[in-house]
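J.: The structure's right below; bear with me while I get my questions together.
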There are 2 protein chains.
Amino acid sequence: MMIMNLPELHIGLPGWVHTFLSGYPDRIPDMEARMKMVIALSLENVRRGPVGPFGAAVFDEEGHLVAPGINMVISENNSSLHAEIVAFMLAQKKLGDYDLSGGGQRRLALYASTEPCAMCFGAICWSGIKTLVCGAKSEDAESIGFDEGPRPVNWVSELNDRGIEVVLEVCREEAADVHRRYLEAGGVIY
Amino acid sequence: MMIMNLPELHIGLPGWVHTFLSGYPDRIPDMEARMKMVIALSLENVRRGPVGPFGAAVFDEEGHLVAPGINMVISENNSSLHAEIVAFMLAQKKLGDYDLSGGGQRRLALYASTEPCAMCFGAICWSGIKTLVCGAKSEDAESIGFDEGPRPVNWVSELNDRGIEVVLEVCREEAADVHRRYLEAGGVIY
């Protein structure tokens, strides 16, 4: 007879994220300023390590933060907890809706400090966001050894075809610099 | 000043899964029998609804269940909680390792009642499993309106290239029948 002691998952952002966010205004109207916040979040995540050098956040059109996300693969022993997935999960929990578009009523954006990997690309399709804004290019992450996985070559147009606008290379250099700092700090590449 | 009441995620399988599992032997040595268990799990998930008609499970080589997974998108308001992701998260939590291969020491298999969507395909790449066994074909799910998303056309060989063996169409008809029952029961297609 199969008797299992099944674990439960308790996933919450560490306390320092709250402190970090309290240093920002209630609303961030500018696209670049939103990306800078996400990059700063990924950098702080590296400083607090050991964790992946990636950050993300869901914003509404006016620039209110719906939910942030940080890479928690190592800290939570969970290969699916990329920053993008964490941000989606928290935003959906907060709004009480697995569809962030609310059936077409909301136009939310995901800001990601690096272009999405194969898994996060798929997750974006199911999330209900209407805009994806990326910082570093995939090749920036790959140049230090990270693997973005087998994404469709035309991943941007695939998202466009699903009604998701994609903006690339917003503050790319600053975002890629976080990868390099991670490597210098002896971060694990997984 | 940005002050956020950030939610926490508490993700656990519903109590009926424990009861369901207690009806099975401690070890299921046969591949088809393992798939039949996963299909029965997906069917029970449909009966308990409203949830997606998909199930998954991580097994070790001897046929011991490491962790099951059910689709919890609707019940948890979380578009990333496909059955495969839930099974990975629970298995990784149980083993205390984000790499189910344990750095190459373990050879675990994911059984999925339906071929993976674009997101789960990516998640499989990062999970550390060594074998993927699928029941229904993607077109079976798509024929009732589900969307598998923009997966690479050569997704099987992409997994093979990463050292993951793929076995398709194990108990395909039984698995696809669960999709039909879901549709008949008035299930939401998302």
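J.: Of everything in the stretch B:20-46 that's under 16 Å from residue B:83 (Cα atoms) and among the basic types (Lys, Arg), which residue is farthest from the other protein chains (Cβ to nearest Cβ)?
T.: The qualifying residue farthest from the other protein chains (Cβ to nearest Cβ) is B:36.
J.: Let me ask something else about it. Can you name the condition, by its number, that residue A:84 falls short on among (1) farther than 20 Å from residue A:121 by Cβ; (2) more than 9 Å from chain B (Cβ to nearest Cβ)?
T.: In the conditions (1) farther than 20 Å from residue A:121 by Cβ; (2) more than 9 Å from chain B (Cβ to nearest Cβ), residue A:84 misses (1) alone.
J.: Among the numbered conditions (1) under 16 Å from residue B:188 (Cβ atoms); (2) in contact with a Gly (Cβ under 8 Å, 6 or more places away or on another chain); (3) crowded, with 19+ Cβ neighbours inside 10 Å, tell me where residue B:50 comes up short.
T.: Going through the list (1) under 16 Å from residue B:188 (Cβ atoms); (2) in contact with a Gly (Cβ under 8 Å, 6 or more places away or on another chain); (3) crowded, with 19+ Cβ neighbours inside 10 Å, residue B:50 breaks only (3).
J.: For the stretch B:122-144, give me the residue count where each residue is of a type in the set (Ser, Thr, Tyr) and within 14 Å of chain A (Cβ to nearest Cβ).
T.: 2
J.: Is it the case that some residue within the stretch B:34-46 is free of Cβ contacts under 8 Å to residues at least 12 places away in the same chain and either touching a helix residue (DSSP H, G or I) at 6+ places or on another chain (Cβ under 8 Å) or surrounded by 14 or more Cβ atoms within 10 Å (Cβ to Cβ) (or both)?
T.: no
J.: Another question, if that's okay. Looking only at residues that are basic (Lys, Arg) and more than 21 Å from residue A:39 (Cβ to Cβ) in the stretch A:141-177, which one is surrounded by the most Cβ atoms within 10 Å (Cβ to Cβ)?
T.: The initial filter retains those residues of the stretch A:141-177 that are basic (Lys, Arg), namely A:151, A:162, A:172.
Filter once more, keeping what is more than 21 Å from residue A:39 (Cβ to Cβ): A:151, A:162.
Working: A:151: 24, A:162: 14.
Restricting to residues being basic (Lys, Arg) and more than 21 Å from residue A:39 (Cβ to Cβ), the top hit is A:151.
J.: Within the stretch B:5-19, how many residues turn out to be part of a strand (DSSP E or B) and either more than 7 Å from chain A (Cβ to nearest Cβ) or closer than 20 Å to residue B:135 by Cα (or both)?
T.: So the answer is 0.
J.: Mind counting the residues in the stretch B:20-46 that are farther than 22 Å from residue B:181 by Cα and part of a helix (DSSP H, G or I)?
T.: Residues flagged as farther than 22 Å from residue B:181 by Cα and part of a helix (DSSP H, G or I) within the stretch B:20-46 amount to 1.
J.: Return the total of residues in the stretch A:104-124 being free of Cβ contacts under 8 Å to residues at least 60 places away in the same chain, of a type outside the set (Gly, Ala, Ser) and within 17 Å of residue A:153 (Cα to Cα).
T.: 7
J.: Filter the stretch A:145-171 down to the residues that are in contact with a Gly (Cβ under 7 Å, 6 or more places away or on another chain) and more than 13 Å from chain B (Cβ to nearest Cβ) and list them by number.
T.: Those that are in contact with a Gly (Cβ under 7 Å, 6 or more places away or on another chain) and more than 13 Å from chain B (Cβ to nearest Cβ): A:170, A:171.
Readers should treat all values here as calculations from the given coordinates under stated rules, not as data from a laboratory. For clarity, every value in this text was computed on a predicted model and none was experimentally measured. Glycine gets a Cβ as well: all are built from the backbone with ideal geometry, and neighbour counts include every protein chain shown.
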